[in-house]
There are 2 protein chains.
Amino acid sequence: MPLERLRGFRDIYPEDMEIRDRVLDTVKSTARSFGFSEIDIPSVEPLDLYRAKSGEELLGQTFNFRDRSGREVTLLPEATPSVVRMLTARKDLPKPVRWFCLPKIWRYEEPQSGRLREHVQFNADIFGSESEAADAEIIGLACTILDRLGLQGHYEIRMNDRLLMDEILNNIGVDSPREVFSAIDRFHKVTEAEFLKTLGDLGLDEKTSSVVMRIASTKADPKDAMDHLNRISTISDEAKNRLKRLLAISDLVSKYTSSRVVVDLSIVRGLSYYTGLVFEAFDIRGELRAILGGGRYDSLASVIGEQQIPAVGFGMGDVVLELLMKRAGTWVPVRSEKSYYICTIDRSLLDWALTLAAHLRSRGIKTIVDLGDRNISNQLKMASSSGSRYAIIIGQKEVSTGKLTLKDLVKGDQTTVTRDQLPGYNPE
Amino acid sequence: MPLERLRGFRDIYPEDMEIRDRVLDTVKSTARSFGFSEIDIPSVEPLDLYRAKSGEELLGQTFNFRDRSGREVTLLPEATPSVVRMLTARKDLPKPVRWFCLPKIWRYEEPQSGRLREHVQFNADIFGSESEAADAEIIGLACTILDRLGLQGHYEIRMNDRLLMDEILNNIGVDSPREVFSAIDRFHKVTEAEFLKTLGDLGLDEKTSSVVMRIASTKADPKDAMDHLNRISTISDEAKNRLKRLLAISDLVSKYTSSRVVVDLSIVRGLSYYTGLVFEAFDIRGELRAILGGGRYDSLASVIGEQQIPAVGFGMGDVVLELLMKRAGTWVPVRSEKSYYICTIDRSLLDWALTLAAHLRSRGIKTIVDLGDRNISNQLKMASSSGSRYAIIIGQKEVSTGKLTLKDLVKGDQTTVTRDQLPGYNPE
């Protein structure tokens, strides 16, 4: 029986790979245009790197094992701890540091729409700035990437602040706001009854639970968020300051994109290390999982590398992005206009064909040389199915006259040209 | 104590990553110009995919483990079996199929110069052609990649044929040539005495062992290889045919590159699935491990997917390639000529700076906006250390007159320009 690949893993064939490559090129060139530099991180790390930093839920989803030396290691479940380790190992770098990376990430979860066990994740971070301009730049980069992928109008940014949530929850009598975060994180994935039951299990009384539910339901334009909250509970000065900060960030983000930005108090993010701003991007129709997510994590460098370095960043997986692009009609191939398939009447002309191919290829023109296993009519069939735009036919006559028979595989017409007259060929 | 990364794994910082990216772009664009299409394969596969296909040595070097379902899996120790699995799953594809991929590969070996536990491997294969033109195209692609990376003259191709070796060894009385292959594979890594002892342990008598050593020492221009062999032993007709095939391949390869190609009878390759041509590229000074290696494997598709599909391909790791490029002086950064760092006299001008940045970035120009955490002289210091070519200084005067203060960070001179006069900026 043929061997199958593992569940939740992908074989990616050329049809999709070509589009993926173009998408990733756009992602990378956009990050570079913002002054972000690319790094690469190991795919295997000590399991300790995630213990007590990323949260219990994540640890339970790792592909972890003991290596041949007996050490507990894991496939990368997320990029941020490795990136922070790299940062703290280089004290010479002038800050702020802007980095991005595109690692593969593994989670042992049940595969479903938008979620696989292996995916590629784009990560971008700014280290060494506490300003709201840094937060806005991170969200602005995320939006600019989506916009350049043709997704403008297809998504919205939902933002919140964990310190704001601490203040609000404390203010209504919740002693351990962080325990309530994981319930709020699942607010849109469960029924109201389930949500209230979870809060009850955490020791909240009915009245407080019902206020928490109103809070988690709050979604508003950043300039209206304060009014919305005022109607639910009184707001402390510190909470007001955090709301003003969110407003300042969203004002700056409007310089990067015309996409919609809202304050959504159900956004708290699963990872335990976030310390301020948190945000996610969602498809505007609300049908998919989050497209990307991130926030501010000012304490992680002190845990991993014993240094105080403020940080803000986001991660975006390729699985939901592909789904969204397919729905938006932007996941489409581009046919290469300059591509040749060289056929030879007999194998002794292969030398001649290879010399011509080398000329074309050195100019970046895709050129396939038939390997001489079949007759000319089958070569021309192969030329068509290869997706090439033109076939070049070489026989003894062509070699002796220096003229080539050129067949346009899209239009079907056939002409005779010199090498310098080949479409797309620029002789120096 | 700060957490360290695992032995044999790399943190790759922007200085190197920028060069790597350019190198990988060259590798990919060269493969595409030959008509090869990119695919991607899983990083984790069932361990069974490698059992009895790749050879015992490789199995002992895998990062293998049981996943949470108890299944024996492994990080990818090589790409070929996964690629063949993908191929046999798609019977609709017209052949020959030309594919490449760039996966990460893991081997639990002792790290040393040119060898790490994680590396990126470029793989290219042609499926569905038995012709020597296909073999030549694979070697030709390998050489063209090295040539485009500026390595012409720095390497040579050493080729051999496993069927030729079967014939030669049978002819001198060796019953199980394949057992002798693993000794020959290590010929240049051990002393003559160690080599002879290994052959003795395999049951070869002294005279036969000494002939095997002369065979393994044979390295010749393809057109002289027959004469060389004639001096060591008589050659069967089948061996002559295999030698003629190598000569035909090397003749075709000369159409792709002017690099040196030799027949080297010590090249047999470690993996057990090769069925004909085998080849490796070595630095001309012989100081490094093989740069790349490959060959023909016509039986693997029948083992993995129960189909008869002839195949030829090669793999090239990034570790030795980087070493070779560093020695050849071609592992060098390219300073971006078009890059700006925008400084603002006060933070209220950030909006204005971001609007300008969006314009520049949308034209692919790298533009960093200072995040407003420091005064103007510190912003200019940061601009210099960021590697940007120009600083743009924005104050109230600039905003009211529409003129920008532009400082050339390389030459040091300062001018006043309109936005449309910025170097590299093409207004539409």
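The values are calculated or read from the model by the stated rules, or taken from the named source; none is laboratory data. The shown structure was predicted, so the numbers you read here are calculated from the model rather than taken from an experiment. Positions of Cβ are generated from backbone atoms using ideal geometry, with glycine treated the same way; all protein chains shown enter the neighbour counts. These area figures cover heavy atoms from the full protein model, side chains too; ligands, DNA and RNA do not enter into them. Shrake-Rupley method; radii C 1.70, N 1.55, O 1.52, S 1.80 Å.
For this structure, a couple of remarks:
- Using the Cβ-Cβ distance between A:L24 and B:D227 with R0 = 45 Å, the FRET efficiency computed as 1/(1 + (r/R0)^6) comes to roughly 0.30.
- Antiparallel bridge percentage (DSSP; both residues within the protein assembly as shown; nearest 5): 75
- Accessible area per residue for segment A:14-328 is 37 Å², calculated with a 1.4 Å probe on protein heavy atoms, without ligands, DNA or RNA.
- Inter-copy separations for A:T355, label at 7 Å along Cα-Cβ, nm, ascending: 6.1
- Using a 7 Å projection from Cα along Cα-to-Cβ, the label point at B:G424 is separated from the same position in the remaining copies by 2.9 nm, smallest value first.
- Innermost chain B residue relative to the axis carrying B onto A, by Cβ distance in angstrom: B:F65, 2
- Protein-protein interface of segment A:10-44, residues with accessible area decrease of at least 40 Å², isolated chain reference, 1.4 Å probe: A:D11, A:I12, A:Y13, A:P14, A:M17, A:D21, A:S33, A:E38, A:D40, A:P42, A:S43, A:V44
- Of the beta bridges in segment B:339-421, as assigned by DSSP with both residues counted there, near 50 percent are antiparallel.
- Averaging the Cα positions of each part gives two centres, and for segment A:332-357 and segment A:1-32 these lie 27 Å apart.
- Placing dummy labels 7 Å off each Cα toward the beta-carbon, the span from A:R327 to A:K189 is 1.8 nm.
- Potential extension, A:V334-A:S254 segment - 0.36 nm per residue separation minus Cα distance: 25.6 nm
- A simple spin-label model places pseudo-atoms 7 Å from Cα toward Cβ; at A:S272 and B:E109 they are separated by 4.0 nm.
- Paramagnetic reach from B:Q152 (point 7 Å along Cα→Cβ, amide N under 14 Å) across segment B:249-292: B:254-260
- Within a Gaussian network of chain A (alpha carbon springs, distance under 10 Å), most fluctuating of A:K403, A:K223, A:K189: A:K403
- FRET E, pair A:N378, B:N170, Förster distance 35 Å, beta-carbon r, rounded to 0.05: 0.40
- Cross-link partners for B:K255 among the lysines, with Cα-Cα distance under 23 Å and sequence neighbours closer than 8 places in the same chain left out: A:K338, A:K366, A:K397, A:K403, B:K28, B:K219, B:K223, B:K244.
- Segment B:T401-B:E179, extension gain: residue separation times 0.36 nm, minus the distance between their alpha carbons: 71.7 nm
- Under the span-like rule (Cα at least 27 Å along the axis, Kyte-Doolittle mean at least -1.0), DSSP H helices of chain B: B:14-33
- The distance between label points at A:S362 and B:E130 comes to 3.5 nm (points 7 Å beyond Cα on the Cα→Cβ vector).
- Inter-copy spacing of B:R178 label points, which lie 7 Å from Cα along Cα→Cβ, given in nm from shortest upward: 5.9
- Global form of segment A:216-335, assessed from the alpha-carbon gyration tensor, a/c cut-off 1.5: oblate
- Remark on segment A:16-106: hydrodynamic radius 15.1 angstrom, per the Kirkwood mean of 1/r across alpha carbon pairs.
- Rounded to the nearest 100, the interface formed by chains A and B buries 7600 square angstrom of accessible surface, both chains summed, with a 1.4 Å probe.
- Segment A:358-411 and segment B:196-263 have Cα centres spaced 36 Å apart.
- Computed FRET value (nearest 0.05) for B:K207 with B:E57, which takes r as the C-beta separation and R₀ as 41 Å: 0.90
- Kirkwood-type radius of the protein assembly as shown, with distances r between different C-alpha atoms, in Å: 30.1
- The portion of the accessible surface of the protein assembly as shown made up by carbon and sulfur, rounded to a whole percent, is 48 (1.4 Å probe; DNA, RNA and ligands excluded).
- Counted over chain A, the DSSP beta bridges are approximately 75% antiparallel.
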